[in-house]
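The structure under discussion appears below in the form of structure tokens.
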Amino acid sequence: HVQLVESGGGLVQAGGSLRLSCEASGLTFSVAAMAWFRQAPGKEREIVAAIHRLNNPTVYADSVKGRFTISRDNAKSTVYLQMNNLKPEDTADYYCAAKYGVWQGLSGKYSYWGQGTQVTVSS
């Protein structure tokens with residue numbers, strides 16, 4: 001019943017910005033922790049950012065800290081990833097994910113997944 005649908009990916013130049021959105025349905029969004037993952041070609045999937053059901057805390061991978069911001073709008077069942085100062089190494093498929101239960105930040109097991117949106121950063 002749970003569906004997570006990402007949007008907002010595309011092609012941008014290095015130094016540019018992009019905002020990803022993930023709209024959830026079939027999910028009790030207000031009590032779910034949300035996260036963004038990415039997978040670059042030839043690389044393992046990695047978690048980028050996570051946000052608590054109450055908006056705080058938010059946590060980030062070191063590689064994106066200071067450049068990316070995760071946020072959520074519970075009224076719209078939507079989580080966002082604002083990506084600034086993009087670098088070619090940010091090129092990846094980006095996925096949103098959700099979980100219920102105890103907050104575990106970047107180390108949590110996320111149960112529900114979207115199908116991804118592509119982000120390509122040119123040099």
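Overview of results
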{"read-out": "Check on GLY15, small (Gly, Ala, Ser), more than 17 Å from the chain's Cα centre (by Cα) and over 17 Å from GLN82 (Cα atoms)", "value": "no"}
{"read-out": "Positions within region 51-66 being farther than 23 Å from GLY15 by Cα and crowded, with 18+ Cβ neighbours inside 10 Å, in sequence order", "value": "ILE51, ARG53"}
{"read-out": "Cβ-Cβ under 6 Å pairs, at least 6 apart or on other chains, region 94-110 side at pLDDT 95 or above, far side among the small types (Gly, Ala, Ser) and open to solvent by 70 Å² or more (accessible area, probe 1.4 Å)", "value": "LYS99/SER111"}
{"read-out": "Conditions (1) in contact (Cβ under 8 Å) with a residue 24 or more places away in the chain; (2) of a type in the set (Asp, Glu); (3) out of contact with any strand residue (DSSP E or B) (no Cβ under 9 Å at 6 or more places or on another chain): number failed by ASP90", "value": "(3)"}
{"read-out": "Where THR69 falls short, out of the listed (1) open to solvent by less than 80 Å² (accessible area, probe 1.4 Å); (2) touching a residue at least 24 places away in the same chain (Cβ under 8 Å); (3) not hydrophobic (A, V, I, L, M, F, W, C)", "value": "(2)"}
{"read-out": "Subset of region 33-44 that is of a type in the set (Gly, Ala, Ser) and within 20 Å of GLY8 (Cβ to Cβ) - its residue that is least open to solvent (accessible area, probe 1.4 Å)", "value": "ALA35"}
{"read-out": "Hits in region 74-123 - residues which are among the polar types (S, T, N, Q), assigned to a strand (DSSP E or B) and open to solvent by 50 Å² or more (accessible area, probe 1.4 Å)", "value": "GLN82, GLN118, THR120"}
{"read-out": "Among (1) within 15 Å of the chain's Cα centre (by Cα); (2) modelled with pLDDT of 95 or more - the single one PRO88 does not satisfy", "value": "(1)"}
{"read-out": "Residues located in region 6-51, provided they are of a type in the set (A, V, I, L, M, F, W, C) and under 19 Å from GLU89 (Cα atoms)", "value": "LEU11, VAL12, ALA14, LEU18, LEU20, TRP36, PHE37, ALA40, ILE47, VAL48, ALA49"}
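The values are calculated or read from the model by the stated rules, or taken from the named source; none is laboratory data. Owing to the predicted nature of the structure, the values given are computational and were not obtained by experimental measurement. Ideal geometry is used to build each Cβ from the backbone, glycine not excepted, and the neighbour counts take in all protein chains shown. These area figures cover heavy atoms from the full protein model, side chains too; ligands, DNA and RNA do not enter into them. Shrake-Rupley method; radii C 1.70, N 1.55, O 1.52, S 1.80 Å.
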